[in-house]
Structure formats: C-alpha cells, structure tokens
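Just below is one structure, and these are the notes that go with it.
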Amino acid sequence: MAAIGTIRKQSGLLIVLIGMAMVLFLLGDIFSSGASFFAGQDQEIGTIAGESIDIKDYELKVQQAIDEQYGLEGASEQARKSIRERIWQDMIRERVLLTELKDLGISVSADELLDQVKNVKPGSILYQYFTDPNTGQIIEQFRDERTGQINSNRVLQAIQNLLNSENSRDWLPIEKAIQQDVMMSKYMTLLNKGLVVSSIEANQIAKEQQSQVTFKYALKEFASLDNAEFEPSEADFSAYFNKHKSEKRFEQENESRSVKLALFELKPTAKDIEEINLELEDVKVEFQKDSNDTAFVAENADGQMSGLIRTMGINEVNPAIKDTLPNAPIGAVFGPFTAGKTMLIYKLSGKTFAPDSVKASHILLSIADAGDTAAVSYAKNKLDSLKSVAQKKGNFSDLAKEFSEDFGSGEKGGDLDWFTKGRMVAPFEKAAFEGEKGDMVIVQSQFGVHLIYITDQTKEKPKYIVSAVDRTIEPSKETSDAIYRKASTFSIDHQTAGSFDSVDDIQVDNVDAILLSSTNVGPMTNARDMVRWVFEAEEGDVSNPFESEKYIAVVAVSGISEAGTMSLEQAKGLISLEVINEKKAAKIIADLGSAAGVDQASSAFGTTSNTASNVSFGQGSLPNGLGREMKVLGTAYGMENGQVSSPIIGNRGVFLIELVSKNIPEGDLDLASTKRTESANMSSRVNSQVYEALKKEAGVVDNRAKFY
C-alpha cells in the first residue's frame with residue numbers, strides 16, 4: 001500500500017517523464033527516417049495538369065479495381081502492375097481529356113445515350129460488351145439471326161434486367177464509358193471540321209506525286225570502306241554533335257542514369273552439383289519403397305505437381321529412359337539425370353493404354369469465384385440435368401448452343417475438334433483422355449464447370465505413367481554466401497566508378513539510359529531496389545551488393561543525365577556511325593578530285609554507273625534497293641537536263657548525278673482527289689496525336705517509380 005501511495009504522489013512527475021519519452025521517441029523516429037517534422041513524408045506520386053495526385057487516393061482506386069477483378073484471391077504482382085498503369089491512364093484521361101471536352105461544352109444527353117443503346121454500331125463500346133473477346137463474334141443470344149448483327153432489342157432488354165437487379169451498379173461504368181466515347185466522337189468531329197487542305201497545298205502535293213525525273217548516277221557506298229580506318233576523335237564527335245544537337249532525337253523527356261555493373265554469377269560449383277546428385281540418390285531409395293507416388297512427389301519435388309506425374313507415350317519420355325522403360329517393372333526408379341538446370345529421378349508408376357488424340361465437345365458454365373460452393377453446386381446440378389437430356393434426346397449440340405458460356409465453341413455446338421495432350425487444362429485433359437468414346441463427364445477447372453462429351457478417340461496405344469522428383473541445379477547457401485562476400489570485398493576495394501575500368505577478372509557491363517521507372521538493369525532482373533539506389537546516389541558512387549536471380553552485382557553510377565538535351569557522351573552511341581560516314585564522305589570526295597561526269601566518277605569510285613528512271617519526289621526512294629535518298633532527289637529536281645551535280649552526301653554513300661529528263665505536270669491537276677486523300681491523312685494524324693498533345697500541354701509528371 002505504501003508503494004501505491006508513493007506512485008500516487010509522484011503521478012504528475014511520472015506523466016511528464018512518460019510524455020517526454022514519447023516525444024523523444026517520435027522525434028528520433030522522424031529524424032532517423034529523414035522526414036521533415038513540419039512537411040511530413042512526401043505522398044505525391046505525380047501531378048496531372050497541375051493537380052497533385054496523392055498516393056492514398058491512387059492506391060484506393062487501384063485496390064478497388066483489384067477487388068472487383070480478382071476478389072478474395074488477390075492479384076499477382078504482374079497483374080497489380082497492369083492495374084496500376086490502367087488506373088494512372090484513367091486518371092490522366094479524366095483530368096486532361098474530359099476536362100478539355102467539358103471546357104468546350106461537349107456533353108451527352110439522355111436521348112443520345114438511349115440512341116446508343118437502341119442502335120449498337122460495330123466498334124462502339126456496347127458492341128464490345130456483347131462480343132466474345134476470344135473470337136470477335138457477337139454473343140449468340142444477342143445476335144439477330146436475320147441480319148447477323150447485334151439485336152438492339154435484346155441488348156435493351158438485358159440492360160433493363162440489369163438495372164432492375166441487385167447488380168444495377170454494374171451498369172454505371174458501362175454508361176460512363178459510353179458517354180465518354182460519344183463525347184470523344186463529337187470532339188474529333190469538331191477538330192476534323194477545322195482541317196482544310198487549300199488549293200495551293202493540294203496543287204503542290206499533286207505536282208510532287210506526279211512529277212518524275214530520270215538521272216544517271218555514280219555511287220561510292222560507305223559500306224565499301226573499313227570503319228576501323230575512320231575512327232572518330234573526340235573533336236570529331238564534338239563538332240558533329242554541336243551541329244546537330246538541336247534535333248528532336250537528342251531530346252530526353254526524363255532524366256536517366258548510366259552505370260557500370262560488376263557482375264558475379266550465382267553459379268553452382270562441382271561440389272554443389274555432386275551434393276544434389278547424392279541427395280537424389282538417397283531420395284531414389286525412399287521413392288522405390290514408397291507406394292503412394294503422388295504423395296511422395298508432392299512432398300519431395302521442387303517443381304509443380306502437374307508437370308511431374310504424367311501419362312506419356314514412349315516418344316514423349318526422357319530419352320535417357322526410353323529404351324529401358326517398356327520392359328521395366330512397375331515401381332522401377334531411374335536416374336538421377338540432368339536436363340538443363342534441373343536434375344531428376346523417374347519412377348514407372350504404371351502402364352496403361354490410351355489414345356493419342358481426343359475429339360470432344362463441351363458445355364461450360366463459368367464460375368466467377370471458384371470458392372463459391374453454392375455457385376459450383378448450382379452449375380454441376382444444371383449440367384447434370386443437361387446431361388440427362390442430351391443422353392435421352394441426342395441433342396448435345398443444340399444444348400451447347402443455348403447454354404454454353406464458352407461462346408466461341410458454343411456457336412459450333414460445343415465442338416472443340418481434335419486435340420492432343422497439353423492443349424487443355426489438367427482436369428479437362430484427364431477426363432477426356434481417361435474416358436471412353438460416348439462418355440459425358442462433368443469436371444471443374446479454373447474456367448468453371450464443364451460437361452464434356454467425348455465424341456471420338458484415336459486407337460489406344462501403350463502409355464507409361466511416369467512420376468518424377470526434381471531438384472533445381474543451383475548454388476548452395478555456402479556458395480552463394482561466398483559469392484556475396486566476393487562482391488562485398490569488390491565494393492570495398494573499388495570506391496569509384498573509374499576504378500571499375502581497371503578490372504580484368506570480373507565481368508563489368510556498361511548500362512545506359514536507365515530511367516526511374518526501369519525494372520531491369522542489364523542482366524539484373526526485378527531490380528527496382530537497385531534503380532531507386534542509383535537515382536538517390538551521386539555520380540561516382542559505388543553500391544553495396546544487390547542480388548537477382550542469376551547474379552550478385554555491385555553498381556557504380558557513371559553518368560547522370562537530366563531531362564532535356566543529351567550530353568555528348570550519351571549521344572555518342574547514336575551518332576558514332578554518322579560521324580564515321582562523314583569522315584568517309586570527306587575521303588571519297590577528296591579522292592574524286594575533279595571528275596567531270598558520272599562515268600569519270602564511277603571510274604574513280606571503282607564502280608559502274610547506273611540509271612534511276614521515272615522517280616517521283618513523293619516516292620522518296622531510289623530504285624535498285626538504294627532506299628530513301630531525299631537529298632539526291634531534291635538535287636535532281638533542281639537541275640536542268642544534261643547538268644552534272646556536285647558530290648552529294650547521301651544516306652548510303654556519296655553520289656554524283658547527271659539529269660537525263662524531268663517531267664513536271666502543268667495545267668489543271670486533279671485537286672479534288674488530292675484534297676480528299678490529304679484530308680484523310682491529316683484526320684488520321686490528328687486522331688492519333690491529339691491526346692498526346694493535350695497531355696503534353698497539360699503537363700504530366702509521373703513519380704510512381706519512387707514508390708513501386
């Protein structure tokens with residue numbers, strides 16, 4: 001009691017001390033994490049049209065999409081990545097495109113929406129909803145037998161049924177998609193109305209297309225000279241880049257990094273391989289004793305069960321056991337054998353007879369959630385009823401057309417034609433190959449519940465039930481640790497990016513143009529941690545080791561390139577051949593000297609002269625496989641008959657040409673046709689480029705790579 005009284009007396013002091021401790025704890029956490037007490041952690045994953053996008057809002061939309069699409073099963077990382085990208089693009093469209101449409105007063109009335117439902121046109125949003133994505137065909141129950149098109153009355157009835165059901169909210173995203181599609185159509189119509197090809201423009205285009213020139217030419221191709229004799233100097237690179245760096249190809253939209261990777265391969269030693277072999281020898285003894293092969297494989301194998309217990313023909317088995325298998329007793333165990341990066345032992349679990357191919361039809365009832373026992377039970381009961389009807393009336397084909405939810409095969413009476421093993425999912429395949437001709441079997445797969453009708457089978461042949469236990473051939477923990485220590489030592493001994501250049505006994509790769517969104521860095525896969533480190537580091541910094549599936553790597557930041565014009569070092573890879581060809585051109589022209597004509601030039605080049613006949617400027621390409629040479633054509637059109645050009649530096653080499661004839665049409669040209677064609681071309685360009693132009697104008701900054 002005295003102790004309690006003392007605590008009561010000191011309670012005020014105690015509360016103060018506890019409060020101070022909590023403050024110190026929180027401050028310590030804040031300072032250790034590098035976060036600002038006042039600013040808080042940056043939760044902005046990007047900006048769209050000046051609007052900050054908070055990661056919480058974005059993640060909420062992503063999770064809602066995952067829940068709708070995958071439910072309780074959850075999504076794989078690849079699926080999550082795909083959904084994140086889709087949600088991000090949706091957010092851009094809402095803030096850029098839809099804002100533009102609303103600012104222009106473009107909207108969709110209730111009557112227009114109803115018209116879309118009543119008149120479903122090919123290519124429209126609703127048309128896609130009532131078409132089988134696998135076949136591109138209209139879903140049978142919505143197809144008008146008379147016209148072969150969608151029956152709008154049936155579509156309207158289906159929508160009304162949906163709106164009157166407990167799932168009426170499912171209509172909202174469809175309605176929204178239709179509205180956006182109609183608004184976009186109005187917007188494109190508005191833009192296209194403003195596209196006009198003038199008579200002057202049409203006349204110029206028509207002249208270019210219909211004009212023709214014929215000229216003789218001499219050509220010395222760049223490829224005929226050895227690149228090694230024209231190695232560019234730093235001054236050559238610099239002069240060429242300074243002359244061309246304003247070109248769009250040297251513009252970088254995003255900042256990037258260049259790195260050096262010291263790679264240490266995660267490779268098993270001979271000792272590791274021998275230990276795997278010895279382990280399988282021990283497993284082999286137990287495998288031979290065990291009578292439950294399925295359970296033994298499930299417990300002892302590294303790989304997936306579906307690929308390790310198979311019924312195979314003699315030509316399908318591993319060649320190492322092909323000769324001994326037919327005469328081996330049931331229960332015989334073989335191996336270990338090496339197949340690529342796997343070591344296996346095989347057991348002959350049984351012998352049987354089975355067809356090589358099966359012909360079957362099916363009726364599928366889809367199940368959204370395989371764990372929904374009520375839905376599965378309902379589907380099985382319904383198929384059992386259909387089975388009874390089909391057995392009595394022999395009308396399986398008609399039932400498949402009416403009830404199957406595999407609409408591709410359903411419209412063919414459920415017919416799947418002939419198939420061999422490996423073509424169908426495992427439960428379906430097992431039922432089809434183990435049953436007999438005429439059997440009707442109900443099975444469940446990841447697609448739903450099937451009623452399978454085996455309509456034919458090839459002649460039965462000997463088959464072997466082979467069970468396998470596998471081991472992945474990979475380095476042991478001891479070996480992996482040793483490789484990691486070697487990489488760590490390298491990291492300690494090489495503290496600058498420049499020091500990587502003097503390494504002889506370790507593979508060093510140069511990797512350029514790494515973006516913040518990059519997933520891989522050279523051979524390093526799933527390297528997001530490495531990418532984030534690279535963007536946080538300074539130029540010259542060297543990392544601790546990073547691990548991937550095949551390598552451990554030490555990375556050094558060798559270059560940082562901000563968004564905007566590339567640096568010379570970055571551009572070298574793009575311009576190297578161009579600089580070499582420029583040096584070659586100078587040499588070719590110098591050697592040409594004062595050659596006065598095409599034949600003299602050909603002699604100087606060590607080639608023969610040729611003729612390009614009736615080449616149009618609009619065509620842009622030269623005959624004889626010479627490709628696009630606009631400088632040559634432009635020069636030819638500016639010459640008079642009989643005139644010889646100066647040397648022309650083209651894409652393929654150095655040309656000298658002599659104009660033979662030039663035919664430029666005069667008088668009235670068919671401008672109406674040209675206007676129609678050019679208007680269509682302009683419309684196509686606008687349709688494909690307007691959204692990107694709006695995005696660029698609005699400004700989109702994507703920082704998601706900092707978080708994922």
Subject >> Odd one out for Asn614 among (1) in contact (Cβ under 8 Å) with a residue 12 or more places away in the chain; (2) assigned to a loop (DSSP other than H, G, I, E, B); (3) loosely packed, with under 15 Cβ neighbours inside 10 Å >> reply: (2)
Original post:
So Ala374 fits all but one of (1) of a type in the set (A, V, I, L, M, F, W, C); (2) outside any strand (DSSP E or B); (3) within 30 Å of Gly71 (Cβ to Cβ); (4) at pLDDT 90 or above; what number is the exception?
Top reply: (4)
Original post:
From Leu633, Leu694, which residue is in contact (Cβ under 8 Å) with a residue 24 or more places away in the chain and within 30 Å of Arg95 (Cα to Cα)?
Top reply: Leu694
**OP:** Scan the stretch 256-270 and give yes if some residue there is surrounded by 15 or more Cβ atoms within 10 Å (Cβ to Cβ) and in a helix (DSSP H, G or I), otherwise no.
**Re:** no
**OP:** Only one of these is surrounded by fewer than 11 Cβ atoms within 10 Å (Cβ to Cβ), modelled with pLDDT of 70 or more and not in a helix (DSSP H, G or I): Gly40, Gly46, Gly105. Name it.
**Re:** Gly105
Original post:
Filtering the stretch 283-297 down to residues that are under 39 Å from the mean Cα position of the chain (by Cα) and either in contact (Cβ under 8 Å) with a residue 40 or more places away in the chain or surrounded by 13 or more Cβ atoms within 10 Å (Cβ to Cβ) (or both), which residue is farthest from Val466 (Cα to Cα)?
Top reply: Phe296
Subject >> Flag if Ile492 is outside the structural domain of Leu344 (by TED's automatic domain parsing), in contact with a Lys or Arg (Cβ under 8 Å, 6 or more places away or on another chain) and not in a loop (DSSP other than H, G, I, E, B) >> reply: no
Original post:
under 30 Å from Ser683 (Cα atoms), polar (S, T, N, Q) and modelled with pLDDT of 90 or more, is that true of Ser246?
Top reply: yes
Subject >> Counted residues, the stretch 546-568 - those being over 28 Å from the mean Cα position of the chain (by Cα) and free of Cβ contacts under 8 Å to residues at least 60 places away in the same chain >> reply: 1
**OP:** Being loosely packed, with under 12 Cβ neighbours inside 10 Å and small (Gly, Ala, Ser) is the filter; apply it to the stretch 298-325 and report the residue that is nearest to Ala431 (Cα to Cα).
**Re:** Ser306
**OP:** Taking the residues in the stretch 688-700 that are surrounded by 13 or more Cβ atoms within 10 Å (Cβ to Cβ) and not aromatic (Phe, Trp, Tyr) as candidates, determine which candidate is farthest from the chain's Cα centre (by Cα).
**Re:** Ala698
Original post:
Among the strands (runs of 3 or more DSSP E) confined wholly to the stretch 381-478, which include 1 or more residues that are out of contact with any helix residue (DSSP H, G or I) (no Cβ under 9 Å at 6 or more places or on another chain), at pLDDT below 95 and β-branched (Val, Ile, Thr)?
Top reply: 415-420
Subject >> Any pair with Cβ under 6 angstrom, 6 or more apart, that starts in the stretch 428-455 at a residue that is free of Cβ contacts under 8 Å to residues at least 60 places away in the same chain and ends at one that is part of a helix (DSSP H, G or I) >> reply: Met440/Lys387; Val441/Ala431; Val443/Pro427; Val443/Ala431; Ser445/Pro427; Ser445/Phe428
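The values are calculated or read from the model by the stated rules, or taken from the named source; none is laboratory data. On a predicted model such as this, the values are computed, not experimentally measured, just so you know. We place every Cβ from the backbone using ideal geometry, glycine too, and count neighbours over all the protein chains shown.
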